[in-house]
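Worksheet for the structure shown next.
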Amino acid sequence: MNRPDKAEELFRKGYNCSQSVFAAFADVLDMTVEEAAKIASPFGAGFGKLREVCGAVSGMTLLAGYLKGYDDPADHESKKDLYRLIQKMCAEFEERKGTIICRELLGLKKGEDLGEPSVRTEEYYQSRPCIGACRTAAEIAEKYLM
């Protein structure tokens, strides 16, 4: 199964967008799907359902940090390289999806839909762009990180 298919499968199982993208690469991260899902869990629904940066984009950038990140605060070159990579990945996502902002992908206004997480039904999957966002983020992550 390829990474975009895995991300979709995870989303359909109930994982949020960030978990679905990050955990689709769990084998590369040398962790279980459950461990990856736990790390990425707060970034779903645009960062804790605040509807800010799309969870799929957060999962993709979290993956980039894990695989290409730096740990020395004095390493300005690595920091610059990582930020350039993130900007390139996010620009491609935005080019393909129109935005990296969750509420804009969903057609919501700021502060709208901040309540309880939605119940997953087939209607939910048909009415949301989330599966496509997860697939796109996984494709971009594969392109730039593998």
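All of the numbers you see were taken from the coordinates with simple rules; none came from a lab. Since the structure is predicted, the reported quantities are computational estimates derived from the model, not experimental observations. Cβ placement follows ideal geometry from the backbone for every residue including glycine, while neighbour counts extend to all protein chains displayed.
Each part reduced to its alpha carbon centroid, segment 1-31 and segment 96-139 end up 16 Å apart.
Taking N as the residue count of segment 3-145, its C-alpha radius of gyration divided by 2.2 N^0.38 Å amounts to 1.01.
Of the peptides 74-81, 99-106, 21-28, how do they stack up when ordered by the mean number of other Cβ atoms within 10 Å, highest first? Don't skip to the end; give the middle numbers.
Values: 74-81: 11.4, 99-106: 19.6, 21-28: 25.4.
In descending order of packing, they fall as 21-28, 99-106, 74-81.
Using the structure shown, select from Lys38/Lys109; Lys38/Lys97; Lys88/Lys143; Lys13/Lys143; Lys38/Lys68; Lys38/Lys79 the pairs with a Cα to Cα distance greater than 18 angstrom. Can you show the working numbers first?
Details: Lys38/Lys109 28 Å; Lys38/Lys97 26 Å; Lys88/Lys143 11 Å; Lys13/Lys143 25 Å; Lys38/Lys68 20 Å; Lys38/Lys79 26 Å.
Over 18 Å apart, Cα to Cα: Lys38/Lys109; Lys38/Lys97; Lys13/Lys143; Lys38/Lys68; Lys38/Lys79.
A helix-only calculation puts the chain at -19000 deg cm²/dmol for mean residue ellipticity at 222 nm, using -39500 (n - 2.57) for each DSSP H run of at least four residues, averaged over all residues. Taking the chain as a Gaussian network, where each spring joins two C-alpha atoms under 10 Å apart, which residue of Arg135, Arg12, Arg120 fluctuates the most? Largest GNM mean-square fluctuation: Arg120.
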